[in-house]
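Chemist: Below is one structure. I have some questions about it.
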Amino acid sequence: MNSLQIDSAPVTQPLSESEARFRTMADHAPVLLWMARPDGLCEFFNQGWLQFTGRSLAQELGTGWAEGVHPGDLQRCMHLYFESLVDRKPFSMEYRLRRHDGAYRWVYDQGTPRYDTDGTFAGFIGSCTDITDQRQARDALAELAVELEERVLERTNLAQERETLLREVHHRVKNDLQLISSVLSMQERRITNTEALDALADCNSRVQTIALIHEHMYNSKNLQTLSLSEHVKSTAAGLFRVATLDPGKLSLEVQVEDGILMRVDRAVPCGMMLNELLRNALKHAFPAGRSGTIRVKLERRPDSKVVLTVSDDGVGIDLDAPEGGSLGWRLVLAFAEQLEAEVSLDNEPGFSVAIAFSADGCNN
């Protein structure tokens, strides 16, 4: 406090009985107590204060106490103190005060204006509490919070980078599959053999189904799951539009329960099964230009399983044939096994296949 040009000489007056009683009580208080005159100069420190600082009362009186305030806190401390003195308003502040062993300890200082019986401003009375442990704990928590925030930010950045990379992977896979599909389409135009042409068309349809899944993932907000509801709608409509030779005779009905999600690793086999079942119905259910309807249904069962049903009102098939039949049916059974699905067949009327998935991988 060398910059303060204030007389720090204490005022020595005989103590009244009440004041002597107060000072006796103050000396036995568990906190550091101080008292200042109207001009801001301190005129009293209890024994707790003097024991804490290791200095004499004469050294602390006036502005001598400020010599123990940490240089980094002194200006802020004195500014708040004298501002409160001028405004005659209570204050509280934290600063470091040198202890008798030379160590600086954080103290919480509270000052309150005091008045004589006639209402005259008589100065301030205040108390200091050692809050070093609390302050260190608070600082440690603050550091931990900063560290956690940095870690969260780092992980968020990594997650965003991973999401960007996954989107790019889905986009590139989709483009590569579309390229393969284009090559297959070009090859189809060069082939006259009906059996070979059908095989290429089936292969092309499977490639397009996988490409569509990757396109949905590229446009999805969540790269972990795919909207099975939307995928079934778009796949059914797209395949029906492309594969139907006479749309005037065939119709498609799609009944899909909204909000059904599926993990990406399970969406591909599910989409492939839908592709095979739809193509089978389109190719075999309505021979010789027969008219009819193909129905696709996706719903939740009460047991939490999700059921995909593809049915038609066509001519039906021999239920004993699929087990050792076409490649498409063998693929359906293989994908169903991969999903641990239950497969149910019904041949009256037409033909119907219902595939029930476990709730694992599907969310509400």
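Chemist: At 0.36 nm per residue, and after removing the present C-alpha to C-alpha distance, how many nm does the segment from Phe121 to Ala142 gain when stretched out fully?
Modeler: My answer for the length gained is 3.5 nm.
Chemist: On average, how much area does the Cα convex hull of segment 137-223 cover when viewed from any direction, in nm²?
Modeler: For segment 137-223, the mean projected area of the Cα convex hull comes to 6.7 nm².
Chemist: Here is a further query. If I take R0 = 22 Å and measure r between the Cβ atoms of His28 and Arg114 in this structure, what FRET efficiency does the formula 1/(1 + (r/R0)^6) give, to the nearest 0.05?
Modeler: 0.65
Chemist: Quick check for the chain: number of Lys pairs with alpha-carbon distance under 24 Å, counting only pairs 8 or more apart or on different chains?
Modeler: 11
Chemist: Defining a contact as two alpha carbons under 8 Å apart and six or more residues distant in sequence, what relative contact order in percent does segment 137-223 show?
Modeler: Normalised by residue count, the contact order of segment 137-223 is 38 percent.
Chemist: When each pair of different Cα atoms in segment 223-285 is counted once in the 1/r mean, what is the Kirkwood radius in angstroms, to one decimal?
Modeler: Answer for segment 223-285: a Kirkwood hydrodynamic radius of 12.5 Å.
Chemist: Continuing with this model, one more query. In Å and on Cα atoms, what radius of gyration and Dmax does segment 26-177 show?
Modeler: Rg, Dmax (Cα atoms, Å): 26.2, 94.
Chemist: Same structure again: For segment 259-302, go through all pairs of different Cα atoms, get the mean of 1/r, take its inverse, and jot down that Kirkwood value in Å.
Modeler: Evaluated on segment 259-302, it is 12.6 Å.
Chemist: For segment 196-211, in order, what is each residue's ³J(HN,Hα) by Karplus, 6.51 cos²θ - 1.76 cosθ + 1.60 with θ = phi - 60°, in whole Hz (x at glycine and Pro)?
Modeler: 5, 5, 5, 5, 5, 5, 5, 4, 5, 5, 5, 4, 5, 5, 5, 4
Chemist: Another question, if that's okay. Where does segment 48-113 land on Rg(C-alpha)/(2.2 N^0.38 Å)?
Modeler: 1.11
Chemist: Report Rg(Cα)/(2.2 N^0.38 Å) for the chain, keeping two decimals.
Modeler: Rounded to two decimals, the normalised Rg is 2.05.
Chemist: Given Cα pairs under 8 Å that are at least 6 residues apart, what percent is the relative contact order of segment 64-219?
Modeler: Relative contact order of segment 64-219: 14 percent.
Here, each number is a calculation from the coordinates, and none is a lab measurement. Just so it is clear, the structure is predicted and the values come from calculations on it, not from any experiment. Neighbour counts are summed over all protein chains in view; Cβ atoms, including those assigned to glycine, are modelled from backbone coordinates with ideal geometry.
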